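Report on one structure; see the data block that follows.
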Amino acid sequence: MAAVSGQRRAAADPAAARHGAEEDLRALFGQSTAVFASLAGPTHRVETANPAFFATIGEERARTGVALAELMPELSDQGFIALLDEVYRTGEPYTGRDVRVVLGSGLRAREAYFDFTYEPRRAADGTVSGIRVIGVETTQVKQAQRLMAEHRALVEQIARQAPLAEVLDGMARCIEKLAPHQVLVSVLLADPDGRHLRHGAAPSLPDFYNEAIDGIATGEGVGSCGTAAHRREPVIVTDIATDPFWDDFRDLAQQAGVAACWSTPILARDGSLLGTFAMYHRTPRVPQDADLALARVFAGTAALAIERHHIEQAKAAADARARAAHDELARVVRAERELRAEAEQRAAAAAELTARMRAAAAAQAARPRPEQCQLGGAAGCTAPAEIKIADSWGDSAWGCPIHVEEAIINVRSVFIANEDLGGLGAYLNR
């Protein structure tokens, strides 16, 4: 560059500078994912906007030359048009962080979050002529933060051993709240043999539907969940009305108002089947990567909860068996002690009776032996007296074998008193 002596550079035209800056902004944001729009006048007429702006508000509304309130009427009730009016009036920029905005209305409405700036544009005389809108959508970041918070809460529930039904129900409601599109969540639990699936949680599906699929078999072609459980891999059915997996359940799904079902198996760390995690939709729908990632995260969380539940069940069963064994052992010990005490009492009584019998026998041994039986009663008995019997109180008598046997049978305290006289031998060898 050469300098010319004695000449001054002409001052740049402010209007041309502003026009150039505007062109630079359009070039900068033309292919950017950040939203950009240039608004003119007090009605905030859309002069220009980049593709990201129109993609955000909906391609069906991609036009310029109309007031923003006409293009996006939902912004008025949310206060955003009033903010633009304030920036246009004061000339002071406004910046928002993680601001919630509902885009569209009715079935097309969606919740989104943005970091954005309303920056005043000025004319040559310095007055505000319009507003530039520059923003970055933070919806995914916001949802990720909420997802992490909800996931942390679920893990804390599992750690404090909350009931499995409570954890699964809370997880289903959490996903239904976080998902960008309406979704109905169902968790089915596998029987121990892995052949059937039982109701676990499905807070938004109708009761008749949950009751109908409770206990369905696992197998190829048994809906989305039965097939996913059989294959041990995700099964994506985007249109229940035409998918052969749903031949046996199509009418049931129609009654429940569901048209798509994506099912993910819930597997233990050793690969065994714990259940299935399903996401239902009211209309046919193909999953996005974010949907599949969400399913994987919560299928893993469900696996953690179910495995923890199984561990607690096994521990409770082992504790119950241990308590039962302890109680049985205590019962046996008590019974053994009672039997031992009873045996000791019987032994003492027998020893006492034996002593008394010996004493009685010794006392009766010296009495003379009669010639005839003394046990014949009033009628008498003329048979020879062969055996001497006595009782433990000292009474004794001699009798024939027939009457002695009757006495022994009918009088429990009677015993043979004198073995030396041959009475016992005669009785035994009769």
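The values are calculated or read from the model by the stated rules, or taken from the named source; none is laboratory data. Just so you know, these numbers come straight off a predicted model, no measurement behind them. In this analysis, Cβ positions are derived from the backbone assuming ideal geometry, glycine residues included, and neighbour counts consider all displayed protein chains. When the accessible area is computed, the model is the full protein with side chains, heavy atoms only, and any ligands, DNA or RNA have been set aside. Shrake-Rupley method; radii C 1.70, N 1.55, O 1.52, S 1.80 Å.
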Fully extended contour minus Cα-Cα distance, from residue 255 to residue 59, at 0.36 nm per residue: 67.2 nm
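Stick to the Cα atoms of the stretch 85-131, pair each with every other, and give me the Kirkwood hydrodynamic radius in Å at one decimal. Don't jump to the answer; show the numbers that get you there.
Details: mean 1/r = 0.0806 Å⁻¹.
So the Kirkwood estimate lands at 12.4 Å.
Compute the orientation-averaged projected area for the stretch 136-217 from the convex hull of its Cα atoms and round it to one decimal in nm². Kindly include the intermediate steps, with their values, before the conclusion.
Numbers: hull surface 25.9 nm².
Taking a quarter of the hull surface, the average projection is 6.5 nm².
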Accessible area per residue of the stretch 136-294 at 1.4 Å probe, in Å²? 48 Å²
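Counting only protein heavy atoms and a 1.4 Å probe, tell me what percentage of the stretch 210-339's accessible area is made up of carbon and sulfur. Before the final figure, lay out each step's value.
Working: 3760 of 6910 Å².
Roughly 54 percent of what the probe reaches on the stretch 210-339 is carbon or sulfur.
Based only on the alpha carbon positions, what is the Kirkwood hydrodynamic radius of the stretch 41-182, in angstrom?
Kirkwood radius, the stretch 41-182: 17.6 Å.
Exactly which trypsin sites (Lys or Arg not before Pro) in the stretch 48-120 are in a DSSP loop and have at most 13 other Cβ atoms within 10 Å? Intermediate values should be presented prior to the final figure.
On the way: sites: 61, 63, 89, 97, 100, 108, 110; in loops: 63.
Answer in residue order: 63.
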Could I have the simple spin-label model distance between residue 47 and residue 314, label points 7 Å from Cα toward Cβ, reported in nm to one decimal? 7.1 nm
Sum up the charges of everything whose Cβ sits under 14 Å from the Cβ of residue 45, counting Lys and Arg as +1 and Asp and Glu as -1, but leave residue 45 out. 0
So, relative contact order of the stretch 189-267 in percent, Cα under 8 Å, 6 or more apart, is 26 percent
Could you compute the net charge surrounding residue 93? Neighbours are other residues with a C-beta less than 15 Å from the C-beta of residue 93; K and R count +1, D and E count -1. 0
Positive minus negative residues near residue 220 (Lys, Arg vs Asp, Glu; Cβ under 14 Å): -1
